[in-house]
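Enquirer: Here it is, the structure, as structure tokens.
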Amino acid sequence: MARIVRLYRTGGPEELTLEEAAPEQPGAGEVRIRVEAIGLNNSEVQFRHGVYPLPTGSLPSRIGRECSGVVEAVGDGVQQFAIGEEVSTIPAFDIQRNGVYGEWCVVPETALERMPARLSRLEAAAVWQQYLTAYGPLVLFSRLTPHSVVLILAGASSVGLGAIQVAKLFGATVIATTRTAAKQDILHRTGADHVIISDGTDVAPRVREITGARGFDVALDPIAGPGLAELADAAGQEAAIFVYGQLSPEPTPLPLIPLLRKGLTIRGYTLWEITLQPERREAARRFILRHLESRALSPVIDRVYTLDEIVEAHRYLESGRQAGKVVVRV
Ligand SMILES: NC(=O)c1ccc[n+]([C@@H]2O[C@H](COP(=O)([O-])OP(=O)(O)OC[C@H]3O[C@@H](n4cnc5c(N)ncnc54)[C@H](OP(=O)(O)O)[C@@H]3O)[C@@H](O)[C@H]2O)c1
């Protein structure tokens, strides 16, 4: 027997139930991992509350998408990975069946990646969600140059810090927002050229001040809600706004006038646009591994908990005090 986390009903962090369960035999094309570290994501808070914006199935359920560890069993037909190999998971599987919170998980072979030796186990659990999310808007769907201005909302979130690092690979000017003045230092240290401390209400005048009225070229927005109108005001001509999350509990009105006047693109985005398409995924994988090797990309870990502290770890994640990744050592 070994410990895993199950969710029997939606609700607060205390609904994460740590229990003993016999490790499952992996099915065809699956592997079982002895988990060594788990990277927590805000989407798992939304899932736990039952408000994850994309469809999910019934409870009870496992939870979690990112971990690192060692392959300890392989199912029929597994070709690429062998028992004993050190791996981490790319978040491209069913969180409910294949959830990774616990001492073991069973995931499809296609969701595994070997990590550069220089990364610690904790870092290896904190790579794929943030950099794959940043890759689509900043690498695949934009042509960033040193003249580009990139606005990153919730810049101190785990995806936000990853996105700052990715934008700086192209020499772009990065403006990051946070509601929390104490996160200003980490934003600058991670590469942000400018930091706007704001609850979203006064972003447009600050962006105009920074860019000399030109506005930004590309924005990454995990918040949405009424702040989208402010973003459209801050946008440059023909700018693109990638909305990839829904941290705001409020509705998101379409800012039609600036949309028309500036020819803006406001686009929804999930990292599945990368992970579910083999060619895109391979290109993204190479890009991220190359820059991890050179250390231009380097996961920022905010705080480490133990598996016994999973409820506390989620409470912290939900508090919004973190800057970077919250990781659980197993
Ligand atoms: N579409 C995709 O593929 C994809 C992939 C990854 C994540 N996401 C989504 O992106 C969002 C962030 O995920 P994450 O794991 O990077 O988050 P995280 O590391 O937990 O960081 C969240 C941060 O967002 C800010 N924030 C929280 N609520 C806010 C609100 N109502 N208004 C403004 N700012 C708020 C807070 O920072 P400050 O104190 O600095 O304001 C908080 O620390 C989630 O909604 C997640 O579901 C989507």
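Nothing in this text is a laboratory measurement; each read-out follows from the coordinates by a stated rule. This one's a predicted model, so the numbers in the text were calculated from it and none came from an experiment. All Cβ positions, even for glycine, are placed from backbone atoms using ideal geometry, and neighbour counts span all protein chains on display.
Enquirer: Ordered by residue, what ³J(HN,Hα) values in Hz, to whole numbers, does the stretch 28-34 give under the Karplus form 6.51 cos²θ - 1.76 cosθ + 1.60, where θ = phi - 60° and Gly and Pro are x?
Expert: 4, x, 10, 10, 9, 10, 7
Enquirer: Length gain on complete extension for the stretch E86 to T201, per 0.36 nm per residue less the alpha carbon to alpha carbon distance?
Expert: On the way: separation 115, 0.36 × 115 = 41.40 nm, distance 4.55 nm.
Extra length available between E86 and T201 comes to 36.9 nm.
Enquirer: Follow-up. Can you check how the C-alpha radius of gyration of the stretch 1-64 compares to 2.2 N^0.38 Å, as a plain ratio? Could you put the intermediate results ahead of the total?
Expert: Working: Rg = 12.9 Å, N = 64, 2.2 N^0.38 = 10.7 Å.
Taking N as the residue count of the stretch 1-64, the ratio is 1.21.
Enquirer: Let me ask something additional. Using amide H atoms built 1.01 Å from N in the peptide plane, name the residues 5+ places from L112, or on other chains, whose amide H lies under 5 Å from its own.
Expert: Distant-sequence amide H within range of L112: I90.
Enquirer: Under the rule of at least 5 residues apart or a separate chain, name every residue whose amide H is placed under 5 Å from the amide H of A126.
Expert: Here the answer is none, since no amide H 5 or more places off falls under 5 Å of that of A126.
Enquirer: Residue by residue through the stretch 6-14, which ³J(HN,Hα) values in whole Hz follow from phi under the Karplus form 6.51 cos²θ - 1.76 cosθ + 1.60 (θ = phi - 60°), with glycine and proline marked x?
Expert: For the stretch 6-14, the Karplus curve yields 10, 10, 9, 8, 7, x, x, x, 5 Hz.
Enquirer: So which trypsin sites (Lys or Arg not before Pro) in the stretch 82-147 end up in coil per DSSP with only 14 or fewer other C-beta atoms within 10 Å?
Expert: R114, R118, R143
Enquirer: Per residue of the stretch 179-187, in order, report the coupling 6.51 cos²θ - 1.76 cosθ + 1.60 (Karplus, θ = phi - 60°) as ³J(HN,Hα) in whole Hz, putting x for Gly and Pro.
Expert: Calculated HN-Hα couplings, in order: 8, 10, 4, 5, 8, 4, 4, 5, 5 Hz.
Enquirer: To continue, here is another question. Only four residue types carry charge here, +1 at the Cβ of Lys and Arg and -1 at the Cβ of Asp and Glu. Report the dipole size of the chain about the Cα centre in Debye, rounded to the nearest 20.
Expert: Dipole of the chain, to the nearest 20 debye: 780 debye.
Enquirer: Only helical DSSP H runs with n ≥ 4 go in: add -39500 (n - 2.57) per run for the chain, normalise by residue count and round the 222 nm mean residue ellipticity to 500 deg cm²/dmol.
Expert: -8000 deg cm²/dmol
Enquirer: Okay, next question. Tell me the label-point distance for the pair T270, T145, using the 7 Å Cα-to-Cβ offset, in nm and rounded to one decimal.
Expert: About 3.5 nm, to one decimal.
Enquirer: Report the Cα centroid-to-centroid distance between the stretch 301-330 and the stretch 201-253 in angstrom, as an integer.
Expert: 29 Å
Enquirer: Under 19 Å between alpha carbons, and skipping anything fewer than 8 positions from K183 in its own chain: which aspartates and glutamates qualify?
Expert: D193, D199, D202, D221, D302, E318
Enquirer: Amide H to amide H, which residues 5 or more places from S198 or on other chains are under 5 Å from it, using H placed in the peptide plane?
Expert: Under 5 Å from the amide H of S198: T178, R179, T180.
Enquirer: Let me ask another. May I ask for the distance between the Cα centers of the stretch 139-191 and the stretch 33-48, given as a whole number of Å?
Expert: Here the two parts' Cα centres lie 24 Å apart.
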